[in-house]
1. Taking only C-alpha pairs under 8 Å that are 6+ residues apart, what is the relative contact order of the stretch A:206-274 in percent?
2. Using label points projected 7 Å from each Cα along Cα→Cβ, tell me how many nm separate residue A:105 and residue B:123, to one decimal.
3. What is the order of B:133, B:163, fewest Cβ neighbours within 10 Å to most?
4. Starting from the exponent 0.38 and prefactor 2.2 Å, build the expected Rg for the protein assembly as shown from its residue count and divide its actual Cα Rg by it.
5. Take the alpha carbon atoms of the stretch B:141-227, find their radius of gyration, then divide it by 2.2 N^0.38 Å using N residues; give the quotient.
6. With Kirkwood's inverse mean 1/r over C-alpha pairs for Rh, give me the Rg to Rh ratio of chain A, two decimals please.
7. So if I take the centroid of the Cα atoms in the stretch B:197-224 and the same for the stretch A:87-122, what is the distance between those two points in Å?
8. If you wrap a convex hull around the Cα atoms of the stretch A:25-120, how much volume per residue is inside, in Å³?
Ligand SMILES: Nc1ncnc2c1ncn2[C@@H]1O[C@H](COP(=O)(O)OP(=O)(O)OP(=O)(O)O)[C@@H](O)[C@H]1O
Ligand SMILES: [Mg+2]
């Protein structure tokens with residue numbers, strides 16, 4: 001169980017908080033998604049949780065123990081994938097994992113096996129400087145898994161990946177959860193969050209605007225919509241109505257001949273816009 | 001702990017040999033050795049090569065007769081000349097530590113075939129002026145090429161770890177400060193020693209105090225690596241770092257002046273680490289068994305202080321910067 005309690009962070013000391021009164025907890029073995037536009041404070045929260053940034057105010061605790069009191073042992077248990085790929089460009093993918101694995105005092109995985117998980121087996125012996133952006137991103141993720149962590153911090157693990165690779169990574173994250181890992185996931189990718197997260201928090205300007213399971217958020221904020229497409233003066237026009245707006249739907253159908261009618265559930269992105277009044281990117 | 005350090009050492013070694021600067025340093029080493037042998041004349045400071053004598057039967061051209069045995073010894077001690085004294089049919093060769101080969105060559109040149117005289121050799125080890133000037137510069141070259149390798153490489157590797165942000169990954173690993181510092185100190189300590197030995201053999205030959213040389217080269221290389229780590233934590237880009245690194249090297253190079261002109265030795269110059277190191281190398285290479293314990297002790301003590309400083313700085317400014325310390 002990870003508890004984050006009334007967390008604040010001010011980089012500049014001028015009272016402009018990058019993180020403002022954030023509280024949540026992540027039960028063991030679940031995935032917690034942190035969603036929000038650029039600059040919302042997602043990485044700041046992750047960095048405080050991993051001990052990279054100073055805990056200024058509030059508390060972060062693991063099984064009741066403050067992040068400030070955790071020693072080297074804690075780092076044997078966690079895996080961190082950073083938003084920007086940070087590997088040794090002069091080492092190969094394999095070497096990057098191998099020497100990183102050497103730092104742990106717990107059993108580590110075979111680098112080749114982990115590279116295989118992220119689809120880099122064939123490029124294992126290429127220098128990282130010859131990797132593409134997406135390959136570097138995957139190498140970063142692979143490095144975070146090498147010590148079989150039971151707590152994972154993943155900052156934008158699918159950014160810059162094509163849909164099929166992204167889905168491979170999504171499955172990999174799901175497998176980690178099935179193995180019992182507790183995961184803090186930061187992403188812009190609403191589809192990924194929707195499919196993976198047990199709980200999501202919408203972060204906006206440093207504070208949590210809404211937090212619930214994806215299903216509950218949709219029930220609470222998302223209205224189902226009906227889209228009606230018809231022909232007018234030789235071109236297609238689409239109008240959308242709330243599912244509740246029976247009168248509106250009826251009157252349109254009276255006036256025109258629909259070409260297509262379909263209903264659509266609100267996405268997390270729609271809900272985000274509804275909750276915060278702004279888009280995600 | 002051992003496993004961690006070894007893993008980091010292999011990594012640091014690979015990163016070093018894949019860095020262009022390392023090969024620049026290596027090529028420079030070869031160029032220095034070549035120019036010592038082919039470009040720098042052996043006698044550009046010929047004042048040290050005078051021959052003086054007392055009581056010789058014959059007057060030889062080029063040998064300055066002096067008024068007493070004491071005057072000859074004084075001259076050998078002070079000016080690094082070579083003295084010849086005759087006692088009956090024995091010639092005593094008084095010199096500041098010439099190799100046996102050089103002594104034989106000298107005597108053969110002066111007196112022809114051995115046999116006419118008994119020759120006795122007496123070493124006064126106060127001055128080494130007789131060593132050809134190009135060879136005598138070996139300690140300086142070794143100090144500012146092989147020994148500073150660690151200073152430059154530690155700095156360059158740390159800067160690239162900052163720039164590529166791999167240090168962030170290290171910070172959330174169980175690696176820790178000690179393993180980080182010890183690994184680099186050992187890798188560059190070992191490579192600095194190998195390069196120093198290479199230069200010593202290529203310039204001076206095989207005739208020197210090997211154990212003393214290896215110890216001094218290792219401790220000095222470690223010292224400069226630690227200095228490199230301690231300084232580089234303050235920089236995040238190459239250009240600012242480079243200026244400071246050059247400044248530090250230049251300050252260290254002022255001790256070269258004392259080495260070429262022993263008259264120049266203001267008290268402060270002894271506090272520059274390279275002072276002890278250069279004179280230590282001189283003793284090891286040319287001193288024919290002269291005691292280097294003092295140089296080793298001073299350099300080790302300086303390295304110990306720098307180890308503490310490097311650990312504290314790496315921990316505070318590199319590995320735990322911006323976070324609550326535990
Ligand atoms: N080192 C820093 N110094 C000062 N301000 C910073 C620093 N890092 C981040 N900030 C500020 O803190 C706020 C939150 O940044 P953070 O990186 O946490 O956002 P994010 O949600 O991760 O954004 P993104 O989606 O772009 O990664 C931003 O306003 C940013 O400008
Ligand atoms: Mg971020």
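1. Averaging sequence separation for qualifying contacts and normalising by length gives 41 percent for the stretch A:206-274.
2. Computed distance between label sites residue A:105 and residue B:123 equals 5.1 nm.
3. Fewest-to-most Cβ neighbours within 10 Å comes out as B:163, B:133.
4. Cα Rg divided by the expected 2.2 N^0.38 Å: 1.44.
5. Relative to the rule-of-thumb radius for its length, the stretch B:141-227 sits at 1.26.
6. 1.07
7. The distance from the Cα centre of the stretch B:197-224 to that of the stretch A:87-122 comes to 38 Å.
8. Per-residue hull volume (Cα only) is 153 Å³.
Every read-out reported here was derived from the displayed coordinates using simple, explicitly stated rules and does not represent laboratory data. What you are looking at is a predicted structure, and each value in this text was computed from that prediction instead of being measured. Here Cβ is always computed from backbone atoms with ideal geometry, including for glycine, and neighbour counts include all displayed protein chains.
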